[in-house]
1. From the list A:A337, A:A343, pick out the single residue that is touching a Leu at 6+ places or on another chain (Cβ under 9 Å), more than 18 Å from B:A93 (Cα to Cα) and either at pLDDT 95 or above or not hydroxyl-bearing (S, T, Y) (or both).
2. Inspect all residues belonging to the range A:248-255 and state whether any of them is of a type in the set (A, V, I, L, M), farther than 27 Å from A:S394 by Cβ, crowded, with 24+ Cβ neighbours inside 10 Å and in contact (Cβ under 8 Å) with a residue 60 or more places away in the chain.
3. For the range A:37-74, which residues satisfy the criterion of being in a helix (DSSP H, G or I), within 13 Å of chain B (Cβ to nearest Cβ) and under 18 Å from the mean Cα position of the chain (by Cα)?
4. Being surrounded by 24 or more Cβ atoms within 10 Å (Cβ to Cβ), farther than 14 Å from A:V294 by Cα, in the same structural domain as A:K375 (by TED's automatic domain parsing) and of a type in the set (D, E, K, R): is that true of A:D330 here?
5. May I ask you to list the residues in the range A:185-203 that are within 10 Å of the chain's Cα centre (by Cα) and modelled with pLDDT of 95 or more?
6. Could you tell me which of the residues A:R312, A:R385 is charged (D, E, K, R), crowded, with 21+ Cβ neighbours inside 10 Å and in a helix (DSSP H, G or I)?
7. If you check B:V182 against the conditions, is it hydrophobic (A, V, I, L, M, F, W, C), at pLDDT 95 or above, over 10 Å from the mean Cα position of the chain (by Cα) and surrounded by fewer than 21 Cβ atoms within 10 Å (Cβ to Cβ)?
8. Tell me, which residue of the range B:331-367 that is in contact (Cβ under 8 Å) with a residue 12 or more places away in the chain and of a type in the set (D, E) is farthest from B:S313 (Cα to Cα)?
Protein chains: 2
Amino acid sequence: MKKAFNEVRVGVSTHMKNTNQQIGWPKGFRSSGISAGIKADGSLDMALIYSDVSAAAAGVFTTNQVCAAPVKLCRAHLVEPQARAIVVNSGVANACTGVVGMEAAMLMASQTAGELACLPEEILVCSTGKIGPQLPMDKIGPGLVALADSAAVDQVDVTARAMMTTDTRSKQVVRDIELGGVSVRLTGLAKGAGMIEPNMATMLAFITTDAVVEPSLLQEVLTSAVDQSFNRITVDGDQSTNDTVLLLANGASGAVVEKTEPVGYGAFVSALNEICFDLAMMIVRDGEGADRFVTVTVEGAQTADEADLAARSVANSLLNKTAWAGTYPDWGRIMDAIGYAAAQVDEERVNIFYGTTQAVEGGVQAASSMEEMVKAVSEMELLIRIELGLGTGSATVYTCNCTEAYVQINV
Amino acid sequence: MKKAFNEVRVGVSTHMKNTNQQIGWPKGFRSSGISAGIKADGSLDMALIYSDVSAAAAGVFTTNQVCAAPVKLCRAHLVEPQARAIVVNSGVANACTGVVGMEAAMLMASQTAGELACLPEEILVCSTGKIGPQLPMDKIGPGLVALADSAAVDQVDVTARAMMTTDTRSKQVVRDIELGGVSVRLTGLAKGAGMIEPNMATMLAFITTDAVVEPSLLQEVLTSAVDQSFNRITVDGDQSTNDTVLLLANGASGAVVEKTEPVGYGAFVSALNEICFDLAMMIVRDGEGADRFVTVTVEGAQTADEADLAARSVANSLLNKTAWAGTYPDWGRIMDAIGYAAAQVDEERVNIFYGTTQAVEGGVQAASSMEEMVKAVSEMELLIRIELGLGTGSATVYTCNCTEAYVQINV
C-alpha cells in the first residue's frame, strides 16, 4: 500500500502517525472532549479546540444544497476570517432543523464565546450525527461549560474521539517543520467513515498551526489541499449535509508563511497537503464495514475531468465495490463502469491493471494467468490502473470495498 | 403496492400474471430452452424464440459505450427490420471479447439460420452472464441443433428459465386484446435481477405479437414503452453491456395496427406498455437480495428532467437503499440525496411522505408521530413521495432495497 501511494503521489511522504500515540497541538492551542449526554450510550460527544489568541481562519464546506445549520453559521462567521475556537458535537447533525436549528447553532456559538470571553462570531460550530432531530440544548449548555473547564494542551486524542460517530478509531496527524530556523507545527484531526464522496461528505477535519499566515492565503492553500485529498475519496457515493474542513493559524510560533519566501511557503504547503491527504486516507481506511483499501487511477483520458468521472464511476459502482470483497478478478465490472461514465471510452483501447498484473489488453482479457490475477486482486491494498488510450488526462480516487458489514451498520 | 402503482399510472391495469402459470405464445411463434453445458451446474442456458414466418422487428439496446458483441450484431441486423428468431445464451455475456467474440456471435446467427432455413441477418442474438470469457462454441453449436429440434408452441416457461442468471424466478406476461373483432396476443419474457439502471442494464426482454405492425411504427411504440418501464427501474445503479429489448410482430392474426385506426392502435399500445411495465416491475421485485419494493416519486421540480435526477439520486443512494432494509424513518438520508442531485432544491420547500404519512414539512420533521412513521416505513411496498415545491416537473422511479444478501450474491 505504501507502494500504491508512492506511485500516485511521487515526492510526498506517506508516513502516518499511529493514532493511538498521543500527539500534541501547535503552540497556543488547547482542547477538550467530554460526554454531555447527547449520545444515548454516554460516550464522548462534545469537543472544543481553541487558540489562546485570535487566529486566522479558513474553511471548506459541503456543496450539498441541503446543508446543516452549523455549516451556514460557519460560512457567515468566516466572512470575517478570524476565529478563537471550534466547538463540535457528535450524535446530532443539526441538519434539516429549520429556524430552531439555526438558533441552536447560534446559541452554541454565543455560549462558547461566553466561556472563552470572545465574540460569538469568533466561534466556529460543527455538528455530526443524525439528520433531523433538534440539538438537546439542555445538554449542550452544561457541556460547553465542562469543555471550557477541562481544556488543556495534552488532550488531542480525547478531542478527536469526541467527534466520532460510526468511526472505529480516531484520526490524528501531526507535522513539524522548520521555517527560517523556527519550529512550526501543524496538527489535524478528522472524523468520518461513511457517506464520503466528492466534496467530503459527513466528514469533519480541523487543522491548526502556529504559523503566521494571512487569511486569504490560508484559504487558498486549504482549498487546494482539500481538492487533492478529501475531495478524492469516496466510500459510498453519498454527500453529506455537514462536511466541514477548518484551518486555524494563530501565529504563536512567530514564523511567517508567505509566497515571497518560497522555501518556507513550499514546506508549509507540503505539510498541509500531507496532513489533509493522510486524514483523508484514514477516513477511507475506516470506511464503514470496509476491509480493503482501493486506489483507482485512470490515465489517458481525453481530459483530467473525464479521467475523474471514469475513476469515480468505477469507485462508486456497487458491483465493483462488492467484487472487491472477494478474490475473483471481475474486470468486466470495471469495463462496464467506465462504459457508462460520462467520459469518452473506446473499448478497444482500454488496458486495465491490478497492481502490476495486466487484466485487460485492448478491451479483452490479457494474457495473465488466472492464478496471477487472483493473487493480484486478493491484495488488501488494491491498486487498479485503467488506461483509456485517448489523451493525457489522469485522475486518482481512493475508496474501499463494500461488505455485508456496511449494510449492517446502515440498516 | 397496487395502490402505489395506481397512483402513478392512472388508467393502466397492474394485473400481473403468476409466472408459475403456463402462458402461451401468439400465433405462429414457437420456442425452446435447453441446457447446452455453458453453465457449470448444468442448468438451462440456451433459448430460442422463433416465428414460422418473417416478422417485423424492433429493438432497444444499452447505451453503455462498452457493449457486447451480440448487441452490436443485433443493431446491424435490425438495419433491415425483419427477423425470424431470437437466440439467447446465459452464463457468458460475450462482452469485452473483441474480434473473437464478434465472430462467435455471427456464427451463432448463421448456425441458427441454418437450422431454421433463413438468412443469418434474420437472427437476433443475445447473451447474458459473465463479462470477459469467450463463448464455448463447441457447446453452442450442438445447443442450437437441440433448440431447433425441441421448439414447440407450449414451452414459454422453459424458454424464460433458460435466459436466467441470478434471477430467482422466470418473468412472463401475456395480454390478449381484440382488434376489429380479431383476437391478438402479446407475450413477453424477461430476465434480470441486478445491475439495473437507467437504460436497462443486464436485462433482456423479448416481446412477440401476432398483430400486423409496420416496422417503423413497431420501433416507435417499443421505444416509448421502454422509456416508461425498463428505463424507470433501478436496482444497483450499474448499467450493463448487454441490455436488449426486442419486439417481433409476425402478423399471423391478420389484425392490423395503425395510427389511422386509433381504437385498435390505442389498445395495442396499452397492452405493450403494460407488458413492458409488468416485466420491469418483476425485475425490480427480483432485485438481487432485495426484500422491499420502493417507488420514489418526485413532484414539483422545475422540470421533468430535474424530477428524474432527484428521484434517481434517492433511489440509487446506498445509504437510502440500506435504510429501506430497516424500519427506522431515516428521512434525513432522502433530504441529503436530493440535496446533492443535479436538480434545484430549496430545502425549506421540501415535503416528504412515506405512503400517506408526512415525514418532512418545509424541510424539517413533520408532525407525524414516530409510531406512525415507523409503521409507514415498515411497509414491504414503500411509496416515497417528495414534493420540491418549485415547479410542475414530476418523475417516478421504481427500485428495491439493498440487503446483506446483495453483497453475498455479488462478492
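The values are calculated or read from the model by the stated rules, or taken from the named source; none is laboratory data. Note that the structure is a prediction, hence the values are computed from the model and not measured. Ideal geometry is used to build each Cβ from the backbone, glycine not excepted, and the neighbour counts take in all protein chains shown.
1. Values: A:A337 fails: more than 18 Å from B:A93 (Cα to Cα).
Only one candidate passes the filter, namely A:A343.
2. So far as the range A:248-255 goes, yes, one or more of its residues are of a type in the set (A, V, I, L, M), farther than 27 Å from A:S394 by Cβ, crowded, with 24+ Cβ neighbours inside 10 Å and in contact (Cβ under 8 Å) with a residue 60 or more places away in the chain.
3. A:V71
4. no
5. A:L189, A:A190 - these are the residues of the range A:185-203 that are within 10 Å of the chain's Cα centre (by Cα) and modelled with pLDDT of 95 or more.
6. Of the residues listed, the single one that is charged (D, E, K, R), crowded, with 21+ Cβ neighbours inside 10 Å and in a helix (DSSP H, G or I) is A:R312.
7. Values: hydrophobic (A, V, I, L, M, F, W, C): yes; at pLDDT 95 or above: yes; over 10 Å from the mean Cα position of the chain (by Cα): yes; surrounded by fewer than 21 Cβ atoms within 10 Å (Cβ to Cβ): yes.
Considered against the rule, which asks whether it is hydrophobic (A, V, I, L, M, F, W, C), at pLDDT 95 or above, over 10 Å from the mean Cα position of the chain (by Cα) and surrounded by fewer than 21 Cβ atoms within 10 Å (Cβ to Cβ), B:V182 comes out as yes.
8. Going through the qualifying residues, I end up with B:E348.
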